[in-house]
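The values are calculated or read from the model by the stated rules, or taken from the named source; none is laboratory data. Predicted, not measured: the structure shown is a model, and the values here were computed from it. Cβ placement follows ideal geometry from the backbone for every residue including glycine, while neighbour counts extend to all protein chains displayed. To get the accessible areas, we keep the full protein, side chains included, count just its heavy atoms, and leave off ligands, DNA and RNA. Shrake-Rupley method; radii C 1.70, N 1.55, O 1.52, S 1.80 Å.
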Amino acid sequence: MNYPILIAILIFLLCFGRFIWIITHERRSLRAGVSLVITLFSFFLGVVILVNIADLDPHYKDWILPLFVIALFAVMAGTIIFALTLIIMFFYDGIKIIIKEGNRWTNYLSLGMGISIIFFLFLYPLVGRISHDSWLKYPYIFLWLVIIYLVTIMMMYTLTSWINLINWHMPHLDYIVVLGAGIMGTKVTPLLAARISRGIEIYHKNPGSKLIMSGGQGPGEDIPEAAAMAEYAEKLGINKNDIIIENKSKTTQQNLQFSHALMKPNSRFCIVTSSYHVYRALVLAKRQGLKCTGYGAKTKWYFTLNAFVREFIAYLVITKKMQLTIIGFLAAIMIAAVAFHF
């Protein structure tokens, strides 16, 4: 028995088992994304060990080593292509959403993200060269560490968001909570209509369940969002007795809190909202001690990136204590480096 390979297989199985445990018990934490990355890393580590040991057997070396080199090249090429595609998408989406949705500061998030990526990849390293031999190198290193940390968190946030959009072998649901969005006077918007349609789809898959339309009345709205949502659902053939209206909430946190108060004890429920909004809603539900799953409704593709950036920023705000603690720790390291002239 080759012990290095055995150890590599054991590490992979432990990491994979941990990942399965997380997604089946509590996948609303960034640990889901982190554990997936660690599992993939342990797999590739095992391949590396296998390739190194393959020198003992030329038969394996003939096909394993070329295969690994091809896979490594594919990952590198994919990373470069992904980065370039992301920049193009951020710029294209940023310009399109400003044209389509108007001149609001939140509509500049995609464009700002594209500019930030270009600055980070091409211009920011020049600052490091200029400050290499001066005291500026310390704040430069600190900002570099903060940026790397935020990029890493964003990657884990994205992975965890995708994981939470996948639902399999779901138990019977008692309630489907459809989260509101802005309405035009008394009419639902296309974005909100997509949420309602997705909620109705899940409702039909759970006989005996109830739809909770959740949303209060905001500025420029003639009626509460929940009332407009209920009317729209009734036009689609949903029995009025199967619709519960929650019309007091103003925020996602209140959507969850007030909707849960309308349910029978120990009920199983899910949240239905736009795909980009699902994970943050689940995080808020978790913080309220509510156990639920999330379903995403389709959104116009040009709107999704901008909205996703906004959701990520909102997630950082929700977890600001943890984020500030970690960034403060990085700052303390830099202060110690300055003090001891590292």
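A few points about this structure:
- Close Lys-Lys pairs in region 204-342, where close means Cα under 17 Å and separation is 8 or more or interchain: 6
- Summed side-chain charge close to Val34 - residues other than Val34 whose Cβ falls under 14 Å, Lys, Arg +1, Asp, Glu -1: +3
- Long-range HN-HN contacts of Lys210 with modeled amide H, under 5 Å: Tyr175, Ile176
- Near Gln217: Cβ cut-off under 10 Å, other residues only, Lys/Arg at +1 and Asp/Glu at -1. The net charge is -1.
- Rounded to whole Hz, the Karplus (6.51, -1.76, 1.60) HN-Hα couplings of region 321-333, x for glycine and proline: 5, 5, 5, 5, 5, 5, 5, x, 5, 5, 5, 4, 4
- For region 264-312, taking Cα atoms only, Rg and Dmax work out to 12.3, 40 Å respectively.
- Heavy-atom accessible surface of region 258-342: percent carbon and sulfur, 1.4 Å: 68 percent
- For Ala297, the residues 5 or more places off, or on other chains, whose built amide H falls under 5 Å of its own are Thr273, Ser274, Ser275.
- Distant-in-sequence amide H partners of Ser249 (H built 1.01 Å from N, under 5 Å): Gly215, Gly216
- Taking every protein chain into account, the accessible area of region 160-312 amounts to 47 square angstrom per residue (probe 1.4 Å).
- Ordering of 9-21, 32-44 by packing [mean C-beta count within 10 Å, highest first]: 32-44, 9-21
- Quarter of the Cα convex hull surface for region 184-273, i.e. its orientation-mean projected area (nm²): 5.5 nm²
- Whole-Hz Karplus values for region 267-276 come out as 7, 9, 8, 10, 10, 10, 7, 5, 3, 5 Hz, taken residue by residue from phi with 6.51 cos²θ - 1.76 cosθ + 1.60 and θ = phi - 60°; glycine and proline positions read x.
- Under Karplus coefficients 6.51, -1.76 and 1.60, residue-wise ³J(HN,Hα) of region 175-191 in Hz, glycine/proline x: 9, 10, 9, 9, 7, x, 8, x, 10, 9, x, 10, 9, 6, 7, x, 5
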